[in-house]
1. Inside segment A:197-221, can you point out the residues that are touching a Pro at 6+ places or on another chain (Cβ under 9 Å) and assigned to a loop (DSSP other than H, G, I, E, B)?
2. Can you list residue pairs whose Cβ atoms sit under 9 Å apart, with the first residue in segment A:290-317 being over 30 Å from B:P324 (Cα atoms) and touching a residue at least 40 places away in the same chain (Cβ under 8 Å) and the second being of a type in the set (A, V, I, L, M) and in a loop (DSSP other than H, G, I, E, B)? Count only pairs 6 or more apart in sequence or on different chains.
3. Can you pull out every residue in segment A:214-244 that is touching a helix residue (DSSP H, G or I) at 6+ places or on another chain (Cβ under 6 Å) and at positive phi?
4. Counting only residues that are exposed (fewer than 15 other Cβ atoms within 10 Å of the Cβ) and farther than 21 Å from B:Y54 by Cβ, which one in segment B:652-681 is nearest to the chain's Cα centre (by Cα)?
5. Confirm whether B:F234 is more than 10 Å from chain A (Cβ to nearest Cβ) and in a strand (DSSP E or B).
6. Select from segment B:237-264 the residues that are surrounded by 18 or more Cβ atoms within 10 Å (Cβ to Cβ) and outside any loop (DSSP other than H, G, I, E, B) and list them in ascending order.
7. (1) closer than 22 Å to B:T407 by Cβ; (2) modelled with pLDDT of 90 or more; (3) buried (at least 20 other Cβ atoms within 10 Å of the Cβ): which one isn't true of A:P42, the others all being true?
Amino acid sequence: MSSRIRSRSMQAIVLVVLVWAVSALVVAAAASRPGPALGQDPAAPTGQPGGYVGVAKCTSCHAPEAKGYREGPHSTAGDPRTPAAAQGCETCHGPGESHVADVGAKGRLRSFLKMSPRDVNEFCLSCHNREEHAQWDASMHEARNVSCINCHSNHASKSPAMLLKEETITATCAQCHRDKAAKMMRSRHMPVREGKMECTTCHNQHGSTNVRMLRAGNTVNELCATCHTEKRGPFLWEHPPVRESCATCHDPHGSSNDRMLVVRPPMLCQRCHVGTGHQVTIYDGAQLLAGSNRLVNRSCVNCHSQIHGSNHPSGSRFQR
Amino acid sequence: MRCKLAIFLPILLPVLAGTAVAQTPPPAPPPPATTGVVDLGLRFTDVSGDAARYQRFRDLGNGGFIDGLSVERRGPNWNLQIGGNQVGRRDQRYWAQYRHSGRLKVTFLFDQVPLLMSDDTRTLYTVESPGVLRIADAVQADVQASASRLAGAVAGLGTFRMESRRKLTRLDVVYRPTRELDLKFSLLNTVREGTMPWGATFGFSNAAEVAAPIDTRTTDVLAGVEWVTANRTFRVTYDGSWFDNHVPALVWDNPWRAVDSATLGSSQGRMALWPDSTLHSITAAGSIRMRARTHLNGGVTIGRGRQNDALLPLTINAQLPQTPLSRPTTEAEVRNLAVNLGLTSRPNSKLWLSARLRYYDSDNRMPAFTDPSYVRLDQLVTTTFTAIATRPLSFTRANIDLDASYTLRPFTALRVGYSRDASDRENRIFERTTEDVVRASLDTTVFGWLTLRGIGERAARTGSGLRPELLARKQPATRHFDIANRDRDRVTALVQAAPWKVIGFSVSASKGVETYNNAEFGAAGFGLRDADTRMMTASVDLLPAEKVAVGIWYAYETYSAFQRSRQATAALFTDARRDWMVNSDERVHTWSVSLDLTNLRDKMDVQVGYDSSRSSATYLYGVVPGSTLAAPMPLPVVRNIVETARAEFSWALSSRVSLGLLYRFDRYRVDDFAMGPATMTRLDMPGSLFLGYLYRPYRANSAWLRLSYRWQ
């Protein structure tokens, strides 16, 4: 790496470390004033007298909700992290005594359907704050006012796991991301329709450190290389746009082009390779009639098969 | 008041909890119980056309099947689940999970993902040993004497199946010694075996395609510890990944030459396949919650990737000088550093603020490989080639996102945001690019039945530090589109409404316009000039009766891109009359229709559905007025139509037994000028020897007779 970039990198690192250190000091100072904890309510209904009545009392009236609760992970009493190990239904909905005393009165229990999305999220995150959900707070979904209960239902889930409101993860995501769902139905796609992958194979819908809420790594390529490890490199000869992002050439959600390319070769390659000779030839119908191997079959990749990088000393053109 | 409540609640909670426990004593634990379900039956599949593509990622072969098998044994504080899908098939999956509530979770998974590419590919090559593909000497000699004899050599070749399989074996263990602490261990072993079509060229007139061997193993290990309290989290994770390729080199015979020559080419070629590599990284991350609903989190990852495979000689051609290499192995190493910081705050119930910083540095430390010669296609020693020196790519990316959201009404939030991405890199035409993005979004969920989401975004990317030497032998007005100056505008809107229980509908639309600006060249810039994407979707869900559900969904997408080039030799390099353009245009219609009838008479369920994706793409060339180029001949339209229709009937014969009948119709129609049978009429195309891996239509009828048995 050049000294110029290295120097700039070091400056950035120092800056980041400084920011982190200052933040840590602020945090240390603020730590004496804790925020909400398990069972605490960031948006508690105020003026709620009375105590807890217990699960049995709740389920005596709310039978459908009780069924969903019992069949879901929140009811695992042996796990000290679950609501069942605390106050059962009232861990989330608040003490029920005043509600039992006056069933028709409003506002005696916490109703998540009536809370703002960020209040809902804050409450759920008071328990669900581990690795999977650790990046929620600055995530794209949080920024768009998406709520946990947009996708999950504790009492009426349709999925076999994760309490989803739809039967599958893909169907849940497709409620909003319809463009991606449409792409997955194209002729070239990842094995999502076949049940071998899900949206969450690549994305962490609860937020991540990577771009586009990608589940692993810190760049697009780091995510892709978790499966396509052979293309990880580093190689003796690198193809720079490949190293920068797989998404330069591929559309991972599906495409009508071979290998899920964003556009078919040679047009794709000719978007950058504007030099002389065969790079800049018009590969039109006449070339097709002639059966040119720069157009038919896999076009440029017929010869430049090592397009992701070559480890051969004579591989600078990605042909070896 | 709220702060006081927050302080006192932790103190009161144990007291209240104790009270609750006293009120409702826990029931006696039930005895261990076993439940399970098995899904088995017979399948009949009739396929005409490209049967391999129909089963590309799955196994829908005839005969008996066990689609699902799952057994669960549940004790007072534990449960064990084991199961499998597609038992014994190419796409089989098996899993097991043991949970001890709040203490231990162990998960095992074996998953096999097939990739069936072709049932009827043909090749002259036979496998002599892993990675060594041979053609009979007599055939080579015959074709060397007369290239036209290649047609005879490939006539009557037998077919072979081109496929690969990915086998994943995974073990995850999470142990929770205390309420706050998680210890995690994960082991993933991925084996890939099989073949894939691979270009193995000896030049334009000698482009061979072979079935390249795939025999790799990747072992990923994760070990981590996570400590979480209500307000603080801390996590340290180690990730290790080892990639091993058991076939590091491919050697293949030249169909057109039987003997090596110093001037006419080689009798065989050799290339390096994917090198072994390792990647290790350590991540430390933490977060803390503070007053004013402020949350700070951050993490640092340091990683090191290495690849030190032995380098192959410059050529396998025995008639060419075997120049020793300057070093025997790759000596490639990349060091990564990632720093992520996020700060969000809700100073009051209406305002949400977020700041996020990402920093990523990829430092490629591989020493430059500057050997003075290069052997082109095992045929020609070149010493004047300007790109002999390797150009390892290092880059640094810094990104900051600032967002502020104001809650206008309880369920409506308006957000504005700004992002700046700055990237430094080596060995690309721009040393630095910066992109500024401004955005605004409005998101509302009114009364739970109406959702409105809209976002607009404007981005401007600018490159600086142009390195003209990297554009040697290219048009100087060329800009690589992934780092070129670019303006991008995107708008997306989504409306979802369910005003009554019987009906819900959704409409969405989006538009994205990218314009690539080379200000100094105006409209004369080369490469990708603009791209335009539009999408519209609409769906309706109907529940006209308690037992009836109808869903209709439609999407329409267009993609249009315009690029510019110049067909030139060195002598005509500046002749603007040789400029040409191509407009890539694609339109896709997607349909999905479903009808579900549940719990009809005799406990029968009926599900009927139809999905289709219809794409047509055109590539239209044009030349400038007064062009000296011949008028381009249009390329045929590329069409891809995927259709699936299905009908499933299931009867619940008893609480334990149900019977099902599923019929499915699949059809794929394709017109692909490059890979279709109308073009690829033979293996020995001009100057080429292909495998016959094509895009062809198929039509399939499948029927499942299924029996489900559930015990509990």
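The values are calculated or read from the model by the stated rules, or taken from the named source; none is laboratory data. A quick note: this is a predicted structure, and the numbers were derived from the prediction, not measured. FYI the Cβ positions are ideal-geometry reconstructions off the backbone, even for glycines, and counts take in every protein chain you see.
1. If the condition is that a residue be touching a Pro at 6+ places or on another chain (Cβ under 9 Å) and assigned to a loop (DSSP other than H, G, I, E, B), then A:M197 is the only one that fits.
2. Note: pairs meeting the criteria are A:R298/B:A674; A:R298/B:M675.
3. Across segment A:214-244, the qualifying residue is only A:G217.
4. B:T681
5. yes
6. If the condition is that a residue be surrounded by 18 or more Cβ atoms within 10 Å (Cβ to Cβ) and outside any loop (DSSP other than H, G, I, E, B), then B:T237, B:D239, B:S241, B:F243, B:N245, B:A249, B:L250, B:W252, B:D253 are the ones that fit.
7. (2)
Okay, residues lined up against (1) within 14 Å of chain A (Cβ to nearest Cβ); (2) among the hydrophobic types (A, V, I, L, M, F, W, C); (3) in contact with a helix residue (DSSP H, G or I) (Cβ under 7 Å, 6 or more places away or on another chain):
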| residue | (1), (2), (3) |
| --- | --- |
| B:D137 | no, no, no |
| B:V154 | no, yes, no |
| B:M162 | yes, yes, no |
| B:N189 | yes, no, no |
| B:E193 | yes, no, no |
